[in-house]
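Here's the structure we're looking at; comments come further down.
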Amino acid sequence: MSGAAAAVGEGRGGLLRRFLARPEAPALIFLCVLVGVFSVVADGFLRASNLEGILAQVAVVGVIALAVNQVILAGEIDISMGSMLGLCAIVAGTVAVATGELLPTLLAGVAVGAAAGSVNGLLVTLGRIPAIIVTLGMLYALRGVILLVTGGDWITGVPREARVLGLGSLLGVGAPVLVLFACYVLMELVHRHSGWGRDVLAVGGNRSAARLAGIPVDRVRFWAFVLVGVAVGIASVIYIGRAGSVQTNTGTGLELRVIAAVVVGGTSIAGGRGSPLAALTGAVLIGVILNGLVLLDVPGVWQDAVLGSLILLAVATDVLRRRLIGEKA
């Protein structure tokens, strides 16, 4: 019996160790703790409507984070998502008002996003310009384009038929939640069961070794940036559906929240280590934090400070996890 008990104990210890070795483990633990705390101290937090509302609110950030996760896994960075979302939303909103239909609205948003992502990818891979510089320039350039195109005017009166991804539902589940989880499932399949997903990890882990192994490094990086553009295009239609209008400052500051979601979720900012679940967990974690603070009537001026402190705590938890499993940073 003692030998069997020891084997069971060792098995449990092995399961715990394997769980802690997963990149998203600290964020998942932290998310569970926060849900427990908010369910006790914040009235109404555990209501089904509130939980679905959290997921709907993080859908835009979550969809983009799933794609940016691949860029970061490949050892690159993209900080142009905020302005890219604004431009995609402006174009998609204009098409929505003109046609009143979802499909052309979605195609317009995705096309603009893919084009912007392609420019980023080409400048990084063929131009050999650091991604941080390329995407920083794109961040400001696209914001200028938005102002030139709109003249500072908002786009309003988006027809309800074109707002399905923001307002629709299926079997009682909101369309933003369904789109978010559909994107998550797709990225999990790509990450785990495709050659491109494995190539992304190889490129981010050791670019020189990846080249020697015959992996088309530049092609992998290029398509990672295009993927971000496509995801931003989809997210822009979700945004239009929920908001019903588009302001010229749409997307401002979004890039910081997206990158925070990816990194807090457990993906290494240095690349080569992470997962789609990490990006999704990070996005939901930030959504839970902000929702809990609102329910607790925390003043808006304190919310950013609290959010930043909790993010630092999540990162510290990751450092502790690495020490517990003996993993090198």
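The values are calculated or read from the model by the stated rules, or taken from the named source; none is laboratory data. Note that this is a predicted model, so its numbers are computed, not measured. All Cβ positions, even for glycine, are placed from backbone atoms using ideal geometry, and neighbour counts span all protein chains on display. These accessible areas exclude ligands, DNA and RNA; they are computed on the full protein's heavy atoms, side chains included. Shrake-Rupley method; radii C 1.70, N 1.55, O 1.52, S 1.80 Å.
Looking only at the stretch 100-114, which residues are among the hydrophobic types (A, V, I, L, M, F, W, C), more than 20 Å from Val145 (Cα to Cα) and open to solvent by less than 30 Å² (accessible area, probe 1.4 Å)?
Passing the criteria: none in range.
Which one of these is open to solvent by less than 30 Å² (accessible area, probe 1.4 Å) and among the β-branched types (Val, Ile, Thr): Val190, Val134? Explain how you work it out, then say what you get.
Details: Val190 fails: open to solvent by less than 30 Å² (accessible area, probe 1.4 Å).
Just a single option satisfies the conditions, and that option is Val134.
Checking the structure you have, find out if any residue of the stretch 123-140 is among the aromatic types (Phe, Trp, Tyr) and part of a helix (DSSP H, G or I).
In the first step, residues of the stretch 123-140 are kept if they are among the aromatic types (Phe, Trp, Tyr); the result is 140.
Narrowing further to those that are part of a helix (DSSP H, G or I): 140.
Yes, there is a match, as at least one residue in the stretch 123-140 is among the aromatic types (Phe, Trp, Tyr) and part of a helix (DSSP H, G or I).
Out of all the residues in the stretch 103-119, is one or more more than 18 Å from Gly233 (Cα to Cα), part of a helix (DSSP H, G or I) and modelled with pLDDT of 95 or more? Break it down stepwise before answering.
Residues of the stretch 103-119 more than 18 Å from Gly233 (Cα to Cα): none.
No, the stretch 103-119 has no match at all.
Which of the residues spanning the stretch 144-176 are surrounded by fewer than 18 Cβ atoms within 10 Å (Cβ to Cβ), assigned to a loop (DSSP other than H, G, I, E, B) and touching a residue at least 12 places away in the same chain (Cβ under 8 Å)?
Result: Gly152, Asp153, Trp154, Thr156, Gly157, Pro159, Gly168.
Between Ala270, Ala235, Ala278, which is crowded, with 24+ Cβ neighbours inside 10 Å and closer than 26 Å to Asn206 by Cα? Working first, answer last.
On the way: Ala270 fails: crowded, with 24+ Cβ neighbours inside 10 Å; Ala235 fails: closer than 26 Å to Asn206 by Cα.
Residue meeting the stated conditions: Ala278.
When the residues of the stretch 198-208 are narrowed to those that are assigned to a helix (DSSP H, G or I) and touching a residue at least 12 places away in the same chain (Cβ under 8 Å), which ends up surrounded by the most Cβ atoms within 10 Å (Cβ to Cβ)?
The initial filter retains those residues of the stretch 198-208 that are assigned to a helix (DSSP H, G or I), namely 198-205, 207-208.
Then keep just the ones that are touching a residue at least 12 places away in the same chain (Cβ under 8 Å); that gives 199-205, 207.
On the way: Asp199: 21, Val200: 30, Leu201: 20, Ala202: 20, Val203: 27, Gly204: 26, Gly205: 17, Arg207: 18.
Of everything passing the filter in the stretch 198-208, Val200 is surrounded by the most Cβ atoms within 10 Å (Cβ to Cβ).
What's the number of the only condition in (1) out of contact with any Leu (no Cβ under 9 Å at 6 or more places or on another chain); (2) open to solvent by less than 20 Å² (accessible area, probe 1.4 Å); (3) under 30 Å from Arg198 (Cβ atoms); (4) not basic (Lys, Arg) that Ser118 fails to meet?
(2)
Quick one: is Leu256 surrounded by 24 or more Cβ atoms within 10 Å (Cβ to Cβ) and assigned to a helix (DSSP H, G or I)? Before the answer, list the steps.
Details: surrounded by 24 or more Cβ atoms within 10 Å (Cβ to Cβ): no; assigned to a helix (DSSP H, G or I): yes.
In short, no.
For the stretch 177-189, what are the residues that are free of Cβ contacts under 8 Å to residues at least 60 places away in the same chain and under 16 Å from the mean Cα position of the chain (by Cα)?
Quick first cut of the stretch 177-189, residues free of Cβ contacts under 8 Å to residues at least 60 places away in the same chain only: 178, 181-182, 185-186, 189.
Across the stretch 177-189, the qualifying residues are Leu178, Phe181, Ala182, Val185, Leu186.
Which of the residues spanning the stretch 230-276 are closer than 28 Å to Gly144 by Cβ and polar (S, T, N, Q)?
Of everything in the stretch 230-276, those that are closer than 28 Å to Gly144 by Cβ and polar (S, T, N, Q) turn out to be Ser236, Ser245, Gln247, Thr248, Asn249, Thr250, Thr252.
Residue-wise test of (1) open to solvent by less than 30 Å² (accessible area, probe 1.4 Å); (2) part of a helix (DSSP H, G or I); (3) of a type outside the set (D, E, K, R).
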position	(1), (2), (3)
Gly53	yes, yes, yes
Ile64	yes, yes, yes
Ala67	yes, yes, yes
Ile77	no, no, yes
Cys88	yes, yes, yes
Ala98	no, yes, yes
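If only one of Val91, Val60, Val33, Val40 is closer than 14 Å to Gly251 by Cβ, over 16 Å from the mean Cα position of the chain (by Cα) and not acidic (Asp, Glu), which one is it? Don't jump to the end; show me each part of the working.
Values: Val60 fails: over 16 Å from the mean Cα position of the chain (by Cα); Val33 fails: closer than 14 Å to Gly251 by Cβ; Val40 fails: closer than 14 Å to Gly251 by Cβ.
The match here is Val91.
I want to confirm something. Restricting to the stretch 300-329 and keeping residues that are open to solvent by less than 70 Å² (accessible area, probe 1.4 Å) and part of a loop (DSSP other than H, G, I, E, B), which single residue is modelled with the lowest pLDDT?
Among them, the one singled out is Glu327.
Can you tell me which residue among Arg242, Arg211 is open to solvent by 10 Å² or more (accessible area, probe 1.4 Å), in contact with a Pro (Cβ under 9 Å, 6 or more places away or on another chain) and either assigned to a helix (DSSP H, G or I) or closer than 25 Å to Gly168 by Cα (or both)?
Details: Arg211 fails: in contact with a Pro (Cβ under 9 Å, 6 or more places away or on another chain).
That would be Arg242, the only listed residue that is open to solvent by 10 Å² or more (accessible area, probe 1.4 Å), in contact with a Pro (Cβ under 9 Å, 6 or more places away or on another chain) and either assigned to a helix (DSSP H, G or I) or closer than 25 Å to Gly168 by Cα (or both).
Which is small (Gly, Ala, Ser) and closer than 24 Å to Arg207 by Cβ, of Gly82, Gly137, Gly100?
Details: Gly82 fails: closer than 24 Å to Arg207 by Cβ; Gly100 fails: closer than 24 Å to Arg207 by Cβ.
That would be Gly137, the only listed residue that is small (Gly, Ala, Ser) and closer than 24 Å to Arg207 by Cβ.
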